[in-house]
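Structure first, commentary second.
The values are calculated or read from the model by the stated rules, or taken from the named source; none is laboratory data. Note that this is a predicted model, so its numbers are computed, not measured. Here Cβ is always computed from backbone atoms with ideal geometry, including for glycine, and neighbour counts include all displayed protein chains.
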Amino acid sequence: MSSTSETAQDNVSDVKLPVLKREKLVLEGRSYHWITERICGVLENRQPLLWWMLFLPSALIAMIGVGGGLFHLVSTGVGVWGNTNRVMWGWPIVNFVFWIGIGHAGTLISAILFLTRQNWRTSINRAAEAMTIFAVMCAGIFPAFHVGRVWFAWFLAPVPNANAIWQNFKSPLLWDVFAVSTYFTISLIFWYLGMVPDLATIRDRCKNGLRKVLYGIFSLGWRGGNRQWSHYEMAYLLLAALSTPLVLSVHSVVSFDFATSVVPGWHTTIFPPYFVAGAIFGGFAMVLTIMIPARFVYGLQDLITMKHIDNMAKIILLTGTIVGYAYLMELFVAFYSGALYEMNAFKFRIAGPYWWAYAAMMSLNVLSPQIFWFKKCRENLWVVMAVAMCVNVGMWFERFVIIVTTLARMWLPGDWKTYSPSGQDQLLFVGTIGMFLALFMLFMRFLPCINIAEVKWTKVESDPHYEDNESHADDGVVVEEAYQKELHDTKS
Amino acid sequence: MSTTRKRVYGYLAEFKSASALFKAAEKVRDAGVKKWDCYSPYPIHGLDGAMGMKRSILPWFVFFGGITGTITAFTLAYTTQVVIYPTIVQAKPSNIFTVPAFFPVMFELTILFSGFTVLFGLLALIQLPRLNHPLFASRQFHRATDDAFFIAIEARDGSFDTQATKQFLEEIGGDNIELVEEEDQG
């Protein structure tokens, strides 16, 4: 060690640093076995009535909306949607961007918060990753069918075809195909690998033959030896490191679909960061929307604590404010550019016939999260839930504003159209909401909804040096003496 | 009917806590045992050092997997766009200078190939899937995925001895020491 850092350490050990109290991530000092029992209990016990009340209607809505809606669409033609020559993207692409964005919070929690050592992620990452997978599945439906003749959707893949025409690799739409399919694949690998040790836990608790066989197969024969954990931890770190730039690239590429076109209101460099922040913002709102009821129904309050909700509320406040900044910056740049078409595009958004969508976007996304500046509001679950719902709706309106209001007023007045969605548009969108909920309910029923191994790891006694320190006045608090001792040990 | 013989897999000993497991692991390492492992319900940080293990070589696999992805994407884009079928859209040419437009796909395929390398590289390194294992015959091993910490010393280790190894495990603080046997279809 160099001499400069030694002197620095000398100085450090003389200073009595106040150590911040660290909040416990597992409350009531629950044991390892309690954690196993409680999380496995969610899928081993009979599901509560509420599960059936949510699952059956959402499965039905999914069958009618997605199954029936797509059948009607394919057998009749895309004309059943409200898309027109001008507003050619309409609701399908609004919904695509909406769902893809929802998924981003899952990857943020599982990858970015892992790399930044935010241990509170452990009790929400599994459900958030499941949400990512299901949201991307819902998202994928829209562009796949929006191509018109869905049986030609394979033209998107760069494989030789009879026309001898190759894909245009310079087009953001093709980048999107690669970005979204890579995102889905990597998220699936991340989710599944993260689940293997927990599936082994369930396998080891199974009595019944079929269950034991199925969980046995999917847990791959995991034994939990350190010679496995060591490689496993490296794999998890690598996947987190790969997913972090990936998640940022996915919504950046989605925003390129807009930003690379020469259309007033779309052609701006702020789009990639603005879309990514918005995606994380909307995704966290969806995580809260799902996790707050789930923790009550399954009694997970000691694992998903108020600290977790507080942290998520703060992230919503931060990303919501970033999104608000982006909205205002768009307006400022339109004004500052002096470009007539750019200014008129925004004037139309604010004061045109779609003013209500713009007002909904502004108030729900920018104003409603500001309430989270107050601790009281972050602690009141009704308020948190209400804001989360506002953001869910607000983020949908954001995509509506960006897509519809822009396409409805392009360059030529002769092109100007007013857009309204058809019944089929609404049916399919409601159907994907049903599909998302139904898949999530199945996930709660059959898979471990909280990362069992990682939650155990966050307990303080999981540290192999826990018993070396004598004083543990409070499990969750870094005791000052222990901290000073560690500094002293490092020095000597 | 074939006769079933038992073959000794090794000894399995339980330890009270992560700290106890950690200290015991250091002693097993210092005793020069090679064929053994520590089992825990969650990854214990620092145990690699206590067991004398090296850092995982998985990143090297992934590095080459990622490079393969980059090259694949570049070749795919360049061959189809420039060599086979130059697509000229909005008067934008297709030549070596349009490579920046291929970057997004090159990036995505790098990540995709790396991700698959992580998955299959990991499975190769940890030798899974393997649905059966002698340890699953143990009466207590199912707790390794719940709340128990174990050390298993295998019979194939050179220093293994039915008496001495048991005594050694007792000395380093192991409880519930169990001789695990696997069925040998002979």
Take A:F184 and tell me if it is within 30 Å of A:L156 (Cβ to Cβ) and at the interface with chain B (Cβ under 9 Å from one of its Cβ atoms).
no
Hits in the stretch B:1-32 - residues which are away from chain A (no Cβ under 11 Å) and either among the acidic types (D, E) or under 20 Å from the mean Cα position of the chain (by Cα) (or both)
B:E14, B:R29, B:D30
Mind telling me which of the residues A:M361, A:M385 ends up being within 30 Å of A:L412 (Cα to Cα) and touching a helix residue (DSSP H, G or I) at 6+ places or on another chain (Cβ under 6 Å)?
A:M361
For A:L25, the lone unmet condition from (1) within 14 Å of chain B (Cβ to nearest Cβ); (2) over 24 Å from the mean Cα position of the chain (by Cα) is (2)
Please give the number of the condition A:F142 fails out of (1) loosely packed, with under 15 Cβ neighbours inside 10 Å; (2) part of a helix (DSSP H, G or I).
(1)
Which numbered condition in (1) at the interface with chain B (Cβ under 7 Å from one of its Cβ atoms); (2) among the polar types (S, T, N, Q); (3) assigned to a helix (DSSP H, G or I); (4) free of Cβ contacts under 8 Å to residues at least 60 places away in the same chain is the only one that A:T201 fails?
(4)
Out of the residues in the stretch A:444-474 that are away from every other protein chain (no Cβ under 14 Å), surrounded by 14 or more Cβ atoms within 10 Å (Cβ to Cβ) and not in a helix (DSSP H, G or I), state the one that is modelled with the highest pLDDT.
A:L447
Among residues of the stretch B:95-106, those that are within 7 Å of chain A (Cβ to nearest Cβ) and without any contact (Cβ under 8 Å) to a residue 24 or more places away in the chain, counted
3
A careful count of residues in the stretch A:148-172 that are more than 11 Å from every other protein chain (Cβ to nearest Cβ) and in a helix (DSSP H, G or I) gives 7
Going through A:I280, A:I315 one at a time, which residue ends up being in contact with a helix residue (DSSP H, G or I) (Cβ under 6 Å, 6 or more places away or on another chain), within 30 Å of A:G41 (Cβ to Cβ) and assigned to a helix (DSSP H, G or I)?
A:I315
Select, from B:D30, B:D48, the only residue that is over 25 Å from B:D146 (Cα atoms), in the same structural domain as B:L135 (by TED's automatic domain parsing) and without any contact (Cβ under 8 Å) to a residue 40 or more places away in the chain.
B:D30
Could you tell me how many of the residues in the stretch B:54-94 are surrounded by fewer than 16 Cβ atoms within 10 Å (Cβ to Cβ), facing chain A (nearest Cβ under 7 Å) and assigned to a loop (DSSP other than H, G, I, E, B)?
1
In the stretch B:137-173, which residue that is more than 8 Å from chain A (Cβ to nearest Cβ), out of contact with any strand residue (DSSP E or B) (no Cβ under 9 Å at 6 or more places or on another chain) and part of a helix (DSSP H, G or I) is surrounded by the fewest Cβ atoms within 10 Å (Cβ to Cβ)?
B:Q163
With respect to A:L193, is the statement that it is outside any helix (DSSP H, G or I), within 7 Å of another protein chain (Cβ to nearest Cβ) and under 26 Å from A:L239 (Cβ atoms) true?
no
Among the candidates A:L174, A:L113, which residue alone is free of Cβ contacts under 8 Å to residues at least 60 places away in the same chain and either touching a Leu at 6+ places or on another chain (Cβ under 8 Å) or within 30 Å of B:R130 (Cβ to Cβ) (or both)?
A:L174
Please specify each residue of the stretch B:174-186 satisfying the condition of being among the aliphatic types (A, V, I, L, M) and either out of contact with any strand residue (DSSP E or B) (no Cβ under 9 Å at 6 or more places or on another chain) or part of a loop (DSSP other than H, G, I, E, B) (or both).
none
Just to check your reading of the model, which residue among B:P59, B:P41 is within 22 Å of the chain's Cα centre (by Cα) and in contact (Cβ under 8 Å) with a residue 24 or more places away in the chain?
B:P41
Test result for B:F113, closer than 13 Å to B:V62 by Cα, more than 7 Å from chain A (Cβ to nearest Cβ) and either free of Cβ contacts under 8 Å to residues at least 40 places away in the same chain or acidic (D, E) (or both):
no
Condition check for A:W120: assigned to a helix (DSSP H, G or I), over 22 Å from A:F256 (Cβ atoms) and not acidic (D, E)
yes
Of (1) more than 9 Å from chain B (Cβ to nearest Cβ); (2) within 25 Å of A:I109 (Cβ to Cβ); (3) in contact (Cβ under 8 Å) with a residue 60 or more places away in the chain, A:F145 fails just (2)
Can you tell me which residue in the stretch A:297-310 is nearest to A:W396 (Cα to Cα), limited to those that are touching a Leu at 6+ places or on another chain (Cβ under 9 Å) and either free of Cβ contacts under 8 Å to residues at least 60 places away in the same chain or assigned to a helix (DSSP H, G or I) (or both)?
A:I309
Would it be correct to say that B:L131 is in contact with a strand residue (DSSP E or B) (Cβ under 8 Å, 6 or more places away or on another chain) and within 7 Å of another protein chain (Cβ to nearest Cβ)?
no
Quick one: in the stretch B:116-128, of everything that is facing chain A (nearest Cβ under 7 Å) and under 30 Å from B:T75 (Cβ atoms), which residue is surrounded by the most Cβ atoms within 10 Å (Cβ to Cβ)?
B:V118
Condition met for A:N168 (buried (at least 24 other Cβ atoms within 10 Å of the Cβ) and at negative phi):
no
The number of residues in the stretch A:401-433 that are closer than 21 Å to A:L56 by Cβ and buried (at least 22 other Cβ atoms within 10 Å of the Cβ) is 4
Of residues in the stretch A:218-248 being more than 7 Å from every other protein chain (Cβ to nearest Cβ) and among the aliphatic types (A, V, I, L, M), the one surrounded by the most Cβ atoms within 10 Å (Cβ to Cβ):
A:V247
How do the pairs read when you match residues in the stretch A:258-274 that are within 16 Å of A:M343 (Cα to Cα) with residues anywhere that are aromatic (F, W, Y), using Cβ under 7 Å and keeping only pairs 6 or more apart or on different chains?
A:P264/A:Y341; A:G265/A:F346; A:W266/A:F258
Quick one: count up the residues across the stretch A:196-244 that are of a type in the set (S, T, N, Q) and touching a Ser or Thr at 6+ places or on another chain (Cβ under 6 Å).
3
